[in-house]
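Undergrad: Following this message is one structure expressed as structure tokens.
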Amino acid sequence: MKDKNLPGINTICVHTGEVKDEQFKGAVSPMYMSTSYAFEGVDVKRYPRYFNTPNQEMLCKKIAALEKTEDGLIFGSGMAAISAAMFAFLKTGDHVIIQQVIYGGTYNFIVSEFDKFGIEYSFTESDKAADFKSLIKENTKILYIETPSNPLLGITDLKAIATLAKENGILTMIDNTFASPINQNPVDFGIDIMLHSATKYMGGHSDISAGAIAASKEHIAHIWKTAINFGGNLSDHTVWLLERSLKTLNIRVKEQTRNAQEMAEYLEGNSNVDRVYYPGLKSHKQHELAKKQMKGFGAMLSFELKEGIDAMAFQNALQLIKPAMSLAGLESTTVSPAQTTHALLTEEQRLERGIKDGLIRFSVGIEEAKDLIEDIEQAIKSLQ
């Protein structure tokens, strides 16, 4: 039930975490670009790497409010946030259980770095809680999930994972990038730490790189001790841009989500498309679970063209939709995960995760759906 004392989501987006312009009374937050602050006679010794400049500090409040947590931290990238969070709670001899289908960069980070530090890890066979349970050891410290997952939009049962973790004294972390705080608040289901590539929906304009963590004050304080040593802070100019972007987060994501539903239904009915992955479709095997834990199904989907239509040739034939790296901007984009986000995996590893070479990930923007449909149809026609 919504707390009547809390402001509405658009009000949080616009006003929570503002830096007040006490001198000139400007309508937007002033930007504090200094990297050197006073150390004597002050309540807080401020330094950019300590995540506590005025703009940094206030932006963290906005992100925490959006995820309904007590506190937050912001970073130079999503991977900076993920690595700081992981290493803050892990040491030699510890064990982590990771959902099988996750962002390729996270997968590469784990398999490339954890062995160096003697940290054990196991990947599940699926996104089911039973698979996590079967892998738990005495030294398991973290259950790491991503839902909806990248790029196949799989849904993991948040409540089941959180319950399992609490029964075993294990911490839970989620990459909540694809859903964004607008469509999903994992803390409502008992998840401990929310991670974001803020480059994506939080930034939303394809012009900044950033990461974010939202959690309890206790967990953020613990992560902070590690994060200040890694030096992954965000410049105050980018912090200011991210605050600007978050003001329209709810409006942007809701429109993109509405568009994505329409595009998923269109693609599912297109004879030139073999398969569509989108939790908002009744054909999605976890549609009912998605309805229970998501407020909207998100603006990401993936699809496979029928045999004989080359995925890259199709993308190159698009005129409005941009074949481009990354996702979640105002503009619609496509990408081939096998060549980008999951390129560091072997072909065998990709196929084990259901990621075929012809899979296309579609980040739906705010354009008119009819224009996106026309672009897809002309691209297919040009190849026939």
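Undergrad: Scanning the stretch 283-316 for residues that are charged (D, E, K, R) and in contact (Cβ under 8 Å) with a residue 40 or more places away in the chain, which turns out farthest from residue 264 (Cα to Cα)?
TA: 310
Undergrad: Look at residue 63 and say whether it is outside any loop (DSSP other than H, G, I, E, B), crowded, with 22+ Cβ neighbours inside 10 Å, on the phi < 0 side of the Ramachandran plot and at pLDDT 95 or above.
TA: yes
Undergrad: Okay, next question. Could you tell me whether any residue of the stretch 159-173 is surrounded by 24 or more Cβ atoms within 10 Å (Cβ to Cβ), within 26 Å of residue 247 (Cα to Cα) and not β-branched (Val, Ile, Thr)?
TA: The answer is yes; a qualifying residue exists.
Undergrad: May I pose another question? Which one of 77, 83, 36 is over 16 Å from the mean Cα position of the chain (by Cα) and either exposed (fewer than 13 other Cβ atoms within 10 Å of the Cβ) or among the small types (Gly, Ala, Ser) (or both)?
TA: Just a single option satisfies the conditions, and that option is 36.
Undergrad: Next question, about the same structure. Across the stretch 223-245, which residue is surrounded by the fewest Cβ atoms within 10 Å (Cβ to Cβ) among those that are within 14 Å of residue 32 (Cβ to Cβ) and of a type in the set (D, E, K, R)?
TA: Result: 236.
Undergrad: Would you be able to tell me the number of residues in the stretch 103-113 that are of a type outside the set (Val, Ile, Thr) and buried (at least 19 other Cβ atoms within 10 Å of the Cβ)?
TA: Qualifying residue count for the region: 3.
Undergrad: Tell me the residue from 216, 197, 180, 206 that is out of contact with any helix residue (DSSP H, G or I) (no Cβ under 8 Å at 6 or more places or on another chain) and within 29 Å of residue 334 (Cβ to Cβ), please.
TA: 206
Undergrad: Right, next: Might you let me know whether the stretch 95-105 holds any residue that is assigned by TED's automatic domain parsing to the domain that holds residue 164, part of a helix (DSSP H, G or I) and not charged (D, E, K, R)?
TA: The answer is yes; a qualifying residue exists.
The values are calculated or read from the model by the stated rules, or taken from the named source; none is laboratory data. Note that this is a predicted model, so its numbers are computed, not measured. Because the Cβ atoms are built from the backbone with ideal geometry, glycine has one as well, and the counts that use them run over all protein chains shown.
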